[in-house]
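**Student:** First, the structure itself, so that you have it in front of you.
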Amino acid sequence: MNETTEKNMGTGRDHLVIGWLYPELMSTYGDQGNVRILLDRAKGRGISAEARIISLDSPAREIAKADLLFMGGAQDQSQKIVSDDLMKKKSVLEEAVKRGVPGLYVCGAYQLLGQHYAIGEHTKMPGLGIFDCHTENPGTGNRMIGEIVLEAEVPGISDRLVAGFENHGGRTFLHNSAGSFGKVKSGFGNNGEDGKEGILYKNSIGTYLHGPILSKNPALADWLIGKAYEIKYGLPVELASLDDDFERKARAVLLKRAGIR
Ligand code: GLN
């Protein structure tokens, strides 16, 4: 921990609010675990943290109060319900993303923040248009399922290898100069064709990795916490290391199975 940050912590000022978007509708394959991990890892550094649920009946201003945002994945039906609600709150979410509030948006959530999500030839769900990408689901039941490893293109992350599990029918395509979350080393990624996985826009990450992703990638959890702290207090924070032995072992299994380490 550097001196500046140390002075600014433990003064009662250091408190992070995690805005947990639509947990009852958007939480497949263990995604809810990501919130527990963020809370634990913040508290492990003496930063108090709380998760606030933001859902169908929450006013949009709750989004603006969050220091870090998280939304998990879902099947198409839940996605439609959330899409209709989130459309009304779009400007507040967009403002937060543009302000640099860090966020993790998994699978269905990633698709929702894009321009649109098309299923087959006849269904097109409008997206929020915050991420410069769109998703097409051929609707044939041909899904991209399996373990995945990528090399993150996230400036400042302390370990670029990110491992997880993906399960999606949608194929996402990035537009123009949108940067990916990482390069696929093993697995399908955004669409199984261009070698890209997810999107990185400002401090927000869209990704297909479930699992939950943060359980095997503590460096990513810390990157999100660090950014949340930095945006809120205007100070970079150097997070003390934690005992990540269990996480390291889980990663090692996945990386070995992918033939990477
Ligand atoms: N409904 C989306 C798809 O199948 C997202 C699935 C998910 O979030 N796991 O592409």
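FYI, it's all coordinate maths here, none of it is from the lab. The model shown is predicted, which means the values in this text are computed figures rather than measured ones. We place every Cβ from the backbone using ideal geometry, glycine too, and count neighbours over all the protein chains shown.
**Student:** How large is ³J(HN,Hα) for each residue in segment 218-225, as worked out from phi by the Karplus curve 6.51 cos²θ - 1.76 cosθ + 1.60 (θ = phi - 60°), to whole Hz, x for Gly and Pro?
**Tutor:** Those phi angles translate into x, 5, 6, 4, 5, 4, 5, 5 Hz.
**Student:** If I build a Gaussian network model for the chain, linking alpha-carbon pairs within less than 10 angstrom, which residue out of 159, 14, 245 has the largest mean-square fluctuation?
**Tutor:** Highest fluctuation among the options: 245.
**Student:** Please list the non-local residues whose amide H lies under 5 Å from the amide H of residue 180, H modeled 1.01 Å from N, same-chain partners needing a gap of 5 or more.
**Tutor:** Placed amide hydrogens put 200 under 5 Å from residue 180.
**Student:** Could you go through segment 94-102 in sequence order and give the Karplus-derived ³J(HN,Hα) for each residue, using 6.51 cos²θ - 1.76 cosθ + 1.60 with θ = phi - 60°, rounded to whole Hz, and x for Gly and Pro?
**Tutor:** Along segment 94-102, the couplings run 4, 4, 5, 4, 5, 6, x, 4, x Hz.
**Student:** What would the Debye formula give as log10 I(q)/I(0) at q = 0.17, 0.18, 0.25 Å⁻¹ for the alpha-carbon point model of segment 103-200, no solvent?
**Tutor:** -0.71, -0.80, -1.43
**Student:** For segment 119-161, max minus min Cα coordinate along each principal axis, in Å, sorted largest first?
**Tutor:** Projected onto the principal axes, the Cα atoms of segment 119-161 cover 43, 27, 8 Å.
**Student:** Can you tally the net charge around residue 75? Count Lys and Arg as +1, Asp and Glu as -1, for every other residue whose Cβ sits under 15 Å from the Cβ of residue 75. Could the numbers behind the result be given before it?
**Tutor:** Details: positive: 80, 143; negative: 24, 31, 76, 166.
Combined, the nearby Lys, Arg, Asp and Glu give -2.
**Student:** So what is the diffusion coefficient of the chain in µm² per second by Stokes-Einstein at 25 °C and 0.890 mPa s, using a Kirkwood Rh over Cα pairs? Don't jump to the answer; show the numbers that get you there.
**Tutor:** Values: Rh = 18.3 Å.
The diffusion coefficient I find is 134 µm²/s.
**Student:** Pairwise over distinct Cα atoms, reciprocal of the mean inverse distance: report the Kirkwood radius of segment 184-225 in Å, one decimal place. Could the numbers behind the result be given before it?
**Tutor:** On the way: mean 1/r = 0.0885 Å⁻¹.
Taking every pair of different Cα atoms in segment 184-225, averaging 1/r and inverting gives 11.3 Å.
**Student:** Mind listing the long-range amide H neighbours of residue 31? Cut-off is under 5 Å, sequence gap 5 or more, other chains count too, H placed in the peptide plane at 1.01 Å from N.
**Tutor:** It is 211, by chain and number.
**Student:** Give the peptides 110-116, 228-234 in descending order of average Cβ contacts within 10 Å, highest first.
**Tutor:** Working: 110-116: 24.7, 228-234: 18.3.
Final packing ranking: 110-116, 228-234.
**Student:** Right, another one. Could I have the simple spin-label model distance between residue 60 and residue 245, label points 7 Å from Cα toward Cβ, reported in nm to one decimal?
**Tutor:** Label at residue 60, label at residue 245, 5.0 nm between them.
**Student:** Below 14 angstrom from the Cβ of residue 189, what's the summed charge of the other residues (Lys, Arg +1; Asp, Glu -1)? Working shown, then result.
**Tutor:** Working: positive: 143, 171, 183, 185, 196; negative: 147, 151, 153, 166, 193, 194, 197.
Around residue 189, the charge tally is -2.
**Student:** Sticking with this one: For a quick check: with amide H placed at 1.01 Å from N, whose amide H comes under 5 Å from residue 118's, ignoring anything fewer than 5 positions away on the same chain?
**Tutor:** 125, 135, 136, 137
**Student:** Output ³J(HN,Hα) for segment 247-254: one whole-Hz value per residue in order, computed from phi by the Karplus curve 6.51 cos²θ - 1.76 cosθ + 1.60 with θ = phi - 60°, and x for Gly and Pro.
**Tutor:** Along segment 247-254, the couplings run 4, 4, 5, 4, 4, 4, 4, 5 Hz.
**Student:** Another question, if that's okay. Give the lysines whose C-alpha is closer than 18 Å to that of residue 185, dropping any in the same chain fewer than 8 places away, or say none.
**Tutor:** In chain and number order, the partners are 196, 216, 256.
**Student:** Treating only the Cβ atoms of Lys and Arg (+1) and Asp and Glu (-1) as charged, compute the dipole magnitude of segment 1-130 about its Cα centre; round to the nearest 20 debye. Please list the in-between numbers first.
**Tutor:** Values: 16 positive and 16 negative charges, 57 e Å.
Dipole size: approximately 280 debye.
**Student:** I'd like to compare 246-254, 206-214, 30-38: which one has the highest average count of other Cβ atoms within 10 Å, and what's the full order after that?
**Tutor:** Working: 246-254: 15.1, 206-214: 27.3, 30-38: 20.1.
With the highest mean Cβ count within 10 Å placed first, the list reads 206-214, 30-38, 246-254.
**Student:** Report Rg (one decimal) and Dmax (nearest whole number) for segment 182-261, counting Cα atoms only, units Å.
**Tutor:** 14.6, 41
**Student:** For residue 193 and residue 24 in the same chain, what is the full-extension length gain: residue separation times 0.36 nm, less their Cα-Cα distance, in nm? The partial results should precede the final answer.
**Tutor:** Working: separation 169, 0.36 × 169 = 60.84 nm, distance 3.24 nm.
My answer for the length gained is 57.6 nm.
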